[in-house]
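Each value in this text was obtained by applying a stated rule to the coordinates, not by laboratory testing. What you see is a predicted model, and the numbers here were worked out from it, not measured in a lab. Don't worry about glycine lacking a Cβ; one is built from the backbone with ideal geometry, like all the others, and counts go over all protein chains shown.
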Amino acid sequence: MSNKERISQLVNKLMTGSITKSELQELNEWYDTFEEAPLELPGKREDLQDRIYQRLQKDLHKPRVAKAKKDQWKYYMGVAASLLLMGVMAYGFMTYLNLKEGEQPEVTYLTTENPSGRFTNVKLPDGSKVRLYAESSLRYPEQFTGNTREVWLNGKAYFEVSPDTNKAFIVHSQGFYTKVLGTSFNVKSGKKIEVSLVEGRVEVGNNNLQTTGDAVVLAPGEKAVCQPKTVKISKQKLDYWSDVAWKDGVLYFENATYEEVKERLESWYGVKITESNTRSVQWNYQGKFKKASLERVLERIAYAENIEFKIEGKSVVITFKHK
């Protein structure tokens, strides 16, 4: 049991009246030393204050059995000493809690969420920059406090982290974390999580320390592939075009099926694609487009895959031409 857990246990016993003389002395000795480390005391500060007050009142007004004068004098001196000790400790606990509350203010969190077709630049409180992909969301505190800078990602984002050797930057995504001090990298979550490192060094691991997934450290040009179901993390070589080129406005396809092309176009341009007839051949499409319009992309795809298309607002109808 840690020291903090032991103190919390003793406070609980003090409040319930089950504390022993030796335990009360142990608690008093702790109070005299007044540890610097934050202590997680049970319940809210106001509740703890009420419970201490009620405990004191109960002891003050508890009926006593008559004793010999000499014994009575010893008895009441002991009660007075105990109540004085509890009163001093109660005051000390309240002061302690107020101090700790001042050091640990309530954290306000912000969330940036993109619908399909939208890409957003987010500047974090420490100056770090994030390029947030379409259909992705990022949750982060209004101000970074403590010894870490932690954010939560759902989807895909490219991070340019401001260096701070005293505060590690940690990205949480689907049960895995990416920990850095200052670097540029891409995180993509989905059926699997991919972390692609452009520069610097990062550590990728599982948030649950009880699992068998070992953390890996990436060097520039490497990426980690995390499997949520098996908790396995493997290293692979980073591919600029498929892994990080999207942040520069590049839409890239490599041996893509029709379903993959459709999904990427819907997410990238914020449109809904439907088919007017049934496709008869398997696609294996390859293409690269930089900051191109939807019409331009569809024209290239139509030439390569023998289709026709019609764009009406946010709707696209595809017609497969059979040979």
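Please compare each pair in LYS262/LYS291; LYS156/LYS288; LYS156/LYS179; LYS223/LYS262; LYS235/LYS288 to a cut-off of 24 Å on the Cα-Cα distance and tell me which ones are over it.
Distance filter (> 24 Å) returns LYS223/LYS262; LYS235/LYS288.
How long, wide and thick is region 109-242, going by the Cα atoms along their three principal axes, in whole angstroms, largest first?
The Cα atoms of region 109-242 stretch 37, 34, 27 Å along their principal axes.
Could you tell me the distance between the Cα centroids of region 121-146 and region 264-323, to the nearest Å?
33
Using the Cα atoms of region 249-320, I'd like the radius of gyration and the largest Cα-Cα distance, Dmax, both in angstrom.
11.2, 32
Can you give the extra length, in nm with one decimal, that the chain gains between ARG300 and SER162 once fully stretched, where that is 0.36 nm per residue apart less the Cα-Cα distance?
45.7 nm
Placing one identical point scatterer on every Cα of region 195-323 and ignoring solvent, what is log10 I(q)/I(0) from the Debye formula at q = 0.11, 0.21 Å⁻¹?
Treating every Cα as an identical point scatterer, log10 I(q)/I(0) equals -0.54, -1.14.
Around GLU222, which amide H atoms from residues at least 5 apart in sequence, or from another chain, sit under 5 Å from its own amide H, with H modelled in the peptide plane?
LEU197, LEU238
For the residue pair GLN236 and GLU308, what label-to-label distance in nm results when each label sits 7 Å from Cα along the Cα-to-beta-carbon direction?
According to this spin-label approximation, the distance is 3.9 nm.
Taking H placed 1.01 Å from N in the peptide plane, check which residues at least 5 places from SER128 or on another chain put their amide H under 5 Å from its amide H.
When sequence neighbours closer than 5 places are left aside, the close amide H contacts are SER162.
Tabulate in residue order the Karplus-calculated ³J(HN,Hα) for region 188-198, using 6.51 cos²θ - 1.76 cosθ + 1.60 with θ = phi - 60°, rounded to whole Hz; enter x for Gly and Pro.
Result, rounded to whole Hz: 10, 10, x, 5, 9, 9, 10, 10, 10, 9, 8.
Which whole-number percentage describes the relative contact order of region 213-284, with Cα contacts under 8 Å and a sequence gap of 6 or more?
Relative contact order of region 213-284: 21 percent.
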